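Comments concern the structure below.
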Amino acid sequence: MPKDLTAIATDDLIAQAAGSRLEKAIARSALPVSLALTFAAWYAVGSFFSSGVIVLGLGFLGSIVIPLAVFAAAKYLAEFRRRDLLRELDRRFGRWSLDAYVRYYQQHLRPGQVRCIFRGSRLPGGRRYWGYLELDGDEIRCVEATESAGRVYQRSGPHPWSETERKRCELTPEQQAEIGKLVASVHGVGRRRSDVQAKDGFPAAVAVIYGDDAEPTVISSNLGGLMRQSDLDDGQRLLALIGGVVCNEPRLLEVASQS
């Protein structure tokens, strides 16, 4: 397995990360094994103790601990061989937390490079969005963008990422210029959350990571509320602009350009 997984095309990486028959069988066995061990634990507790309180307490505890332990062990065994491949695919499909992306790119960026990571989700249970922008000098491009169902995917399925759509994400010259100005403007802001009122939930955040060891900038807000405002500051405009591009939301692009 090559050390530089970033050099492997995504489709090839998905093929390499497919579990073997044994690994898939291990993942599927977690439920029946946990049920069998739980029933066995109830029987053993009932055989050794006569007190109903003790039997009920130990049995209830075992009903929680045993399934958690079995599922954790099955996941570890089923994914151990391909753990690095799965982690790289999670990175490309926006499955990492925002803080995990910040730590990753802080270790990989060179001076002069900037990366913008966007994450957003429509609530309740709506679509999830992720986007990754590269800024190298005057060149700005959207490298990756994904959209997926709100429910959590399962790696034990035949194609873990089948419900995630990889999208084209292109920036106009005007948008590139505006993003460049806004990124420079929010340099040094740090972490800032804008609390805006909205009946519909669309929480989102954008992280700006700099290759010069500067503190990353993280702007978060409710995009549903931003779409109803006309006077946004530079951090909110950056979030609205990138969110509008990644989510294909014309209203966000409109309010970003009007502010």
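Can you tell me which residues in segment 165-174 are closer than 21 Å to Ser257 by Cα and either open to solvent by 30 Å² or more (accessible area, probe 1.4 Å) or within 22 Å of the chain's Cα centre (by Cα) (or both)?
So in segment 165-174, the residues closer than 21 Å to Ser257 by Cα come out as 169-174.
Selection gives Cys169, Glu170, Thr172, Pro173, Glu174.
From the set of residues in segment 180-220 that are more than 25 Å from Gly112 (Cα to Cα) and surrounded by 19 or more Cβ atoms within 10 Å (Cβ to Cβ), which is modelled with the lowest pLDDT?
Only one residue tops the list, namely Phe202.
Taking Ala177 and the conditions (1) open to solvent by 20 Å² or more (accessible area, probe 1.4 Å); (2) modelled with pLDDT of 85 or more; (3) of a type in the set (A, V, I, L, M); (4) under 28 Å from Arg83 (Cβ atoms), which numbered condition does it fall short on, given that it satisfies the others?
With respect to (1) open to solvent by 20 Å² or more (accessible area, probe 1.4 Å); (2) modelled with pLDDT of 85 or more; (3) of a type in the set (A, V, I, L, M); (4) under 28 Å from Arg83 (Cβ atoms), Ala177 is out only on (4).
Out of Leu68, Leu13, Leu86, Leu35, which single residue is farther than 29 Å from Trp130 by Cβ and assigned to a helix (DSSP H, G or I)?
Checking each option against the conditions leaves just Leu35.
Any residue at all in segment 82-95 that is open to solvent by 60 Å² or more (accessible area, probe 1.4 Å), more than 16 Å from the chain's Cα centre (by Cα) and farther than 25 Å from Phe202 by Cβ?
Among the residues of segment 82-95, at least one is open to solvent by 60 Å² or more (accessible area, probe 1.4 Å), more than 16 Å from the chain's Cα centre (by Cα) and farther than 25 Å from Phe202 by Cβ, which makes the answer yes.
The values are calculated or read from the model by the stated rules, or taken from the named source; none is laboratory data. Bear in mind the structure is a predicted one, so any value in this text is a computation, not a measurement. Every residue, glycine among them, receives a Cβ derived from its backbone with ideal geometry; neighbour counts consider all protein chains shown. These accessible areas exclude ligands, DNA and RNA; they are computed on the full protein's heavy atoms, side chains included. Shrake-Rupley method; radii C 1.70, N 1.55, O 1.52, S 1.80 Å.
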